[in-house]
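The values are calculated or read from the model by the stated rules, or taken from the named source; none is laboratory data. What you see is a predicted model, and the numbers here were worked out from it, not measured in a lab. Virtual Cβ from ideal backbone geometry, glycine too; neighbours counted across all protein chains shown.
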Amino acid sequence: VLNLLSDLQAELGLTYIFISHDLAVVKHISDRMIVMNKGQIEEEGFPEIIYNTPQKDYTRKLIAAIPKGL
């Protein structure tokens, strides 16, 4: 399903907003991401940068919850 959405985005120029606790999925499908905690923005930027160098404890906890190998 995610690959289909990605293909449709590329073909039709669609924009999506995904809300998820799964940062592995968000990293895979997003050009930009915002990490929110209790309605407040914790981090904002490119998924690869946030995923590899998280600045906030909440973001680090979400990343630590991702099963290894993803």
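Residue by residue through region 34-70, note down the ones that are polar (S, T, N, Q) and under 13 Å from the mean Cα position of the chain (by Cα).
ASN52, THR59, listed by residue number.
Looking only at residues in region 14-41 that are among the small types (Gly, Ala, Ser) and surrounded by 10 or more Cβ atoms within 10 Å (Cβ to Cβ), which one is farthest from ALA64 (Cα to Cα)?
Applying the first criterion (among the small types (Gly, Ala, Ser)) to region 14-41 yields 20, 24, 30, 39.
Next cut, surrounded by 10 or more Cβ atoms within 10 Å (Cβ to Cβ) only: 20, 24, 30.
Values: SER20: 15, ALA24: 11, SER30: 19 Å.
Per the stated criteria, the residue is SER30.
Do we have GLU11 as surrounded by 11 or more Cβ atoms within 10 Å (Cβ to Cβ), out of contact with any Ser or Thr (no Cβ under 7 Å at 6 or more places or on another chain), free of Cβ contacts under 8 Å to residues at least 24 places away in the same chain and not small (Gly, Ala, Ser) here? Talk me through it step by step, then tell me what you get.
Working: surrounded by 11 or more Cβ atoms within 10 Å (Cβ to Cβ): no; out of contact with any Ser or Thr (no Cβ under 7 Å at 6 or more places or on another chain): yes; free of Cβ contacts under 8 Å to residues at least 24 places away in the same chain: yes; not small (Gly, Ala, Ser): yes.
No; evaluated as a whole, the condition is false for this residue.
Every residue in region 11-70 that is of a type outside the set (A, V, I, L, M, F, W, C), within 19 Å of VAL1 (Cβ to Cβ) and in a loop (DSSP other than H, G, I, E, B), please.
Hits for region 11-70 are THR15, TYR16, SER20, HIS21, ASP22, SER30, ASP31.
Taking into account only those residues within region 20-37 that are modelled with pLDDT under 90 and of a type in the set (Val, Ile, Thr), which is nearest to THR59 (Cα to Cα)?
VAL26
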